[in-house]
Amino acid sequence: MKKAVPWFALAVPFSENGIIINNKEMMCFETKITEASIESIQELYAIEVMPESINIQKTKKEFTGDFTLPVFPFVKLSRKSPEQTADEIGKALKEKLDFIESYTIIKGFLNLSVSHRTWIDFLQKEIQNLAFGNIETNSDGPPVLIEFSSPNTNKPLHLGHIRNNLLGDAIARIMDANKKKVIRLNLVNDRGIHICKSMLAWQKFGANETPQTTGMKGDKLVGKYYVEFDKQYKAEIAELINQGKSKEDAEKQAPILLEAQQMLRRWEEGDKDVRKLWANMNQWVYDGFEQTYNNLGITFDRVYYESETYLLGKEIVKEGLAKKAFYQHPDGSIRVDLTEEGLDEKILLRSDGTSVYITQDLGTAVLRAKEYQPQQMIYVVGNEQNYHFDVLKRILSDKLSYDWGKRIYHLSYGMVELPSGKMKSREGTVVDADDLMEEMIGMAKQKTEELGKHDFNEVELNELARMIGIGALKYFILKVDPKKNMLFNPEESIDLNGNTAPFIQYTHARICSLLRKAGVNTLELPNYNIDVIPEAEKEILRMLYDYPVTLKQAASELNPSLLANYAYELVKTYNRFYQDTPVLKEMNDDLRHFRLQLSAFTASVIRKAMNLLGIDLPEKM
RNA sequence: GGUUCCGUAGCUCAGCUGGAUAGAGCAACUGCCUUCUAAGCAGUAGGUCAUGCGUUCGAAUCGCAUCGGAAUCACCA
């Protein structure tokens, strides 16, 4: 249950209580309150307390105040009642901190109120700051590598791949907002028995079908023959069992499987015909993938192909053998003994000298470490491979003593499950990525028309539907904590109301409309002053203030869902205000200007958060 | 069987570095459009936070045990 914090979380400047230390003089109330509290307690009770025991939190909505300090940990030291302790500390804090205007005490909770002037200053200053929330760290430092997507080329992408792609993309964006140089990697698994299965089935039953002759998307066509292979394979197994073979024997001896294995050997020998067929069919798949990636808005800086890198690992294994990090088993295979680390023995090279999955991962890890000398290597891979990455990391850092081995981080995400269980390509129980996107866009279009939005021509309507449909899909996936498994029910379509992207997009569009009608530049409004900020507005300010912290936390935990949930909370808070507070119709100039600026800044922060999730926002909807 | 992860409203999810009366959305029900976009807002109803014990001034949150679910433990990837 303990949150796994990546090793490099420390590289992000957090103070002990998780708050950013001064970024471009950004106001950080919590830090100042914490420091002043330590001082005050020292002065009042002559006792030094650790910063950890000062736990500044946001005041709950039902009480007045902005920040709360529970004083229970100090009552033993003060030898006074919680109320009296809180009062003494509150008095001292008010004196030390000019931004604290007043405080109230409820039981042992000291609720501090930040002055209205301070909040106005915050708004006026930060709305000018285009980089609000972003932070400068290691901007010239070595890059962060993020490997994600990494598809097999024998079948089309499905909803599980979508989660992987969206997480990888969002994390790359979040790291980038933290001023890290990010390299997006894709390692395409373009060779192996699975591709040979598709190739063989196509050769046998394909009748020379191509994407051109069938009008089928390339990856779909190749996937079709992968399923075709499986059908034939199963039929042959059944036949063999009928003839009296055991199930295991049948599975090993089915002629079509033997043929596929033969094809793989010919591929490895460089057989011209096989290589040509392979190159052709892979190209179909790449053309198909490109469309899917485009529609998802996913890009890469560097694509590795396994066919080019799969031999690299053998060298590493041989070196490790020479260094006695590994050993040779009597049967000829090379293995690593990780029993001391609480893991098992693991095969690194087969007895016939060919490489297994981990051999290749060792090779590509060394390759990219050499090429980029990265500060971090993040792998976005499902949690079914936790064990594999545990082994990989231990081999590289412990057994082979690569210093960068420790900087590998497996971003392990949960599976997308259907009500019927896990998705399985071979059994056809998958939610296809292209179909799902198309369906979402269709729904968005239909909804837009139902709501009688007539301000759009055909092109605009399509673009709007794309933003809403794809946005809804991305948000649906990204709002869930990455490490948790999630459920997708195809019977119930993804919502467009409530805690969804369209809700957030809609609020943004409303603000845009408001600003268009105001017809002023919100950055150049005359300086206003108001004595009392109404509660609805203050709640928005408090939410806006939270954005930088949320972004830092999302970065250090590699968790985009924090930003999704933040955006939702912000928007809900804004809508409450919008519903019954006039902005343009406000006659008091100061108030009107304040509300306009508050709205503009809110829209800007919504944009920031959603951009980090890869979600586009229309200005009208 | 070993290891790891998970269990919060009918459903999908927040909250988990211990803090005040456990929150949203969907589904159900009730109000609010002659006023800045109703893809909205306000409200009703729905909970032994899997169970038990422990630590603590205080536990959904930390520890131990039990029950239930998932993943993994390949000369597959």
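Bear in mind that the values in this text are calculations on the coordinates, not laboratory data. Here the structure is a predicted model, which is why all the values come from computation and not from measurement. Here Cβ is always computed from backbone atoms with ideal geometry, including for glycine, and neighbour counts include all displayed protein chains.
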- Query: If you place +1 on the Cβ of every Lys and Arg and -1 on the Cβ of every Asp and Glu, how big does the dipole about the Cα centre of the stretch A:298-441 come out, in debye to the nearest 20?
  - Reply: 760 debye
- Task: Report the charge-dipole magnitude of the stretch A:13-114 in Debye, nearest 20, computed about the Cα centre from +1 at each Lys and Arg Cβ and -1 at each Asp and Glu Cβ.
- Result: 320 debye
- What is the set of long-range amide H partners of A:T153 at a cut-off below 5 Å, with H atoms built 1.01 Å from backbone N? A:N189
- Note on the structure: Farthest towards the positive end of the dipole of chain A, among A:S307, A:M216, A:V430 and with Cβ unit charges of +1 on Lys and Arg and -1 on Asp and Glu, lies the Cα of A:S307
- Average projection area in nm² (convex hull over Cα atoms of the stretch A:144-422, one quarter of hull surface): 17.5 nm²
- Query: By average Cβ neighbour count within 10 Å, what is the ranking of A:517-527, A:141-151 from highest down?
  - Reply: A:141-151, A:517-527
- Note on the structure: Taking only the Cα positions of the stretch A:13-114, the convex hull volume per residue in Å³ is 90 Å³
- Message: Projecting each Cα onto the charge dipole of the stretch A:433-612 (Lys/Arg +1, Asp/Glu -1 at the beta carbon, about the Cα centre), which of A:L570, A:A609, A:L523 comes out farthest on the positive side?
- Response: A:L523
- Query: Arranged from highest to lowest average of other beta-carbon atoms within 10 Å per residue, in what order do the peptides A:410-417, A:551-558 appear?
  - Reply: A:551-558, A:410-417
- Net charge dipole size for chain A [Lys, Arg +1 and Asp, Glu -1 on Cβ; Debye, nearest 20]: 440 debye
- Signed unit charges on C-beta, dipole axis of the stretch A:13-114, positive-most listed residue A:I105, A:Q42, A:L77: A:I105
- Helix-only [θ]222 nm of chain A, DSSP H runs n ≥ 4, -39500 (n - 2.57) each, per residue, nearest 500: -17000 deg cm²/dmol
- What are the residues whose amide H is under 5 Å from the amide H of A:L349, where those residues sit 5 or more places off or on another chain and H is modelled from the backbone? A:I334
- Span from the the stretch A:288-350 Cα centroid across to the the stretch A:144-201 one, whole angstrom: 17 Å
- Quick one: helix A:29-45 against the long Cα principal axis of chain A, what's the angle to the nearest 10°, folded into 0 to 90? 60 degrees
- Item | C-alpha long axis of helix A:116-126 to longest principal axis of chain A, angle in ° | 40 degrees
